[in-house]
Every structure is written in C-alpha cells, then in structure tokens.
Amino acid sequence: QLQLVESGGGLVQAGDSLRLSCAASGGSSSSAAMGWFRQAPGKEREFVAGINYNGGLTYYSDSVKGRFAISRDNAQNTVTLQLNMLKPEDTAVYYCAARRTTLVSTLLARYDFWGQGTQVTVSS
C-alpha cells in the first residue's frame with residue numbers, strides 16, 4: 001500500500017515557477033505509473049501530467065503542455081512536477097497519484113493511490 005505525500009505548493013505571482021514533489025513510501029513506486037491531477041474550487045479534479053514507470057513516456061494536458069514538466073527518480077521514490085510560467089488559472093490543489101500498473105493513464109478512476117494534495121495559488 002503506497003502512501004504519497006506532496007510538497008512544494010505555495011503562493012506565487014503570475015509568470016513565476018514552482019516545483020512540486022511527491023514522495024512515495026510503504027513500498028517501491030518504481031513499477032507504478034504516476035500522475036499529477038489538480039482540482040480548483042468548484043471544479044472537478046483533472047489530469048495534469050503523467051509518467052510511466054521508468055520515465056520513458058510522459059503525458060500532459062493541453063492546458064499545461066510546454067509549461068509543466070514531470071519527472072521521476074525511482075531510486076528516491078519521488079516524482080516531481082516543475083511548474084513554469086504559472087497563470088492564475090493554474091490555481092488549484094495539486095494531487096499526486098499512483099497506479100498499480102506501469103502504464104500511465106489520464107483517467108482519474110484508474111489511479112489506486114492518492115496523496116492529500118498541496119495548494120498552489122497564482123496571483124495576477
């Protein structure tokens with residue numbers, strides 16, 4: 001049973017950058033596809049980025065493509081989301097998630113483990 005803990009959120013201005021980290025414990029995450037989702041107030045949780053088990057494949061939502069970058073360090077059991085050129089519409093709680101399989105998915109329901117989330121607030 002994986003436990004996921006996110007960190008790195010905060011309050012920034014438009015155009016700034018943040019680096020979110022997700023630390024996995026309770027087992028090895030090296031065979032798990034990982035994803036980042038976000039949920040803004042009054043909105044559904046949405047896919048942001050995903051990475052397969054070895055980091056060889058990454059996927060991004062259209063809204064963050066070219067601005068965000070996902071990576072992983074299996075030796076450290078961590079996944080990182082680099083957020084660049086932040087916009088006010090990026091304001092949300094960001095969640096790390098893991099699958100029991102090696103293949104990434106953009107679908108929320110296909111993730112088996114979730115962190116508690118970290119708040120990202122972007123002011124204009």
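The values are calculated or read from the model by the stated rules, or taken from the named source; none is laboratory data. Everything numeric in this text was worked out from a predicted model, so none of it was measured. For neighbour counting, all protein chains shown are included, and Cβ atoms are generated from backbone atoms with ideal geometry for every residue, glycine included. We work out accessible area using only protein heavy atoms, side chains counted, and drop any ligands, DNA or RNA first. Shrake-Rupley method; radii C 1.70, N 1.55, O 1.52, S 1.80 Å.
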- prompt: How many nm separate the modelled label positions at residue 87 and residue 69, each set 7 Å beyond the Cα in the direction of the Cβ?
  reply: 2.0 nm
message: Test of understanding: what is the full-extension gain from residue 19 to residue 62, defined as 0.36 nm times their sequence separation minus their Cα-Cα distance?
response: 13.5 nm
- request: Report the local net charge at residue 53: Lys and Arg +1, Asp and Glu -1, summed over other residues whose C-beta lies under 10 Å from its C-beta.
  value: +2
query: Under a 1.4 Å probe, what is the accessible area of the chain per residue, stated in Å²?
result: 50 Å²
query: Once the dipole of the chain is set up with Lys and Arg at +1 and Asp and Glu at -1 on Cβ about the Cα centre, which of 31, 96, 7 lies farthest towards its positive end?
result: 31
- request: Just add up the charged neighbours of residue 34: K/R +1, D/E -1, any other residue whose Cβ is under 13 Å from the Cβ of residue 34.
  value: +1
message: Please list, short to long, the whole-number percent of alpha-carbon pairs of the chain in consecutive 5 angstrom bins beginning at zero.
response: 2, 13, 24, 27, 19, 10, 5, 1, 0
- prompt: Which FRET efficiency, nearest 0.05, do residue 76 and residue 119 yield, Cβ-Cβ r, R0 35 Å?
  reply: 0.90
task: Report the local net charge at residue 99: Lys and Arg +1, Asp and Glu -1, summed over other residues whose C-beta lies under 12 Å from its C-beta.
output: +1
task: Roll a 1.4 angstrom probe over the protein heavy atoms and tell me the percent of accessible area of the chain that is carbon or sulfur.
output: 48 percent
field: Cα centroid of the range 1-56 to Cα centroid of the range 82-110, whole Å
entry: 5 Å
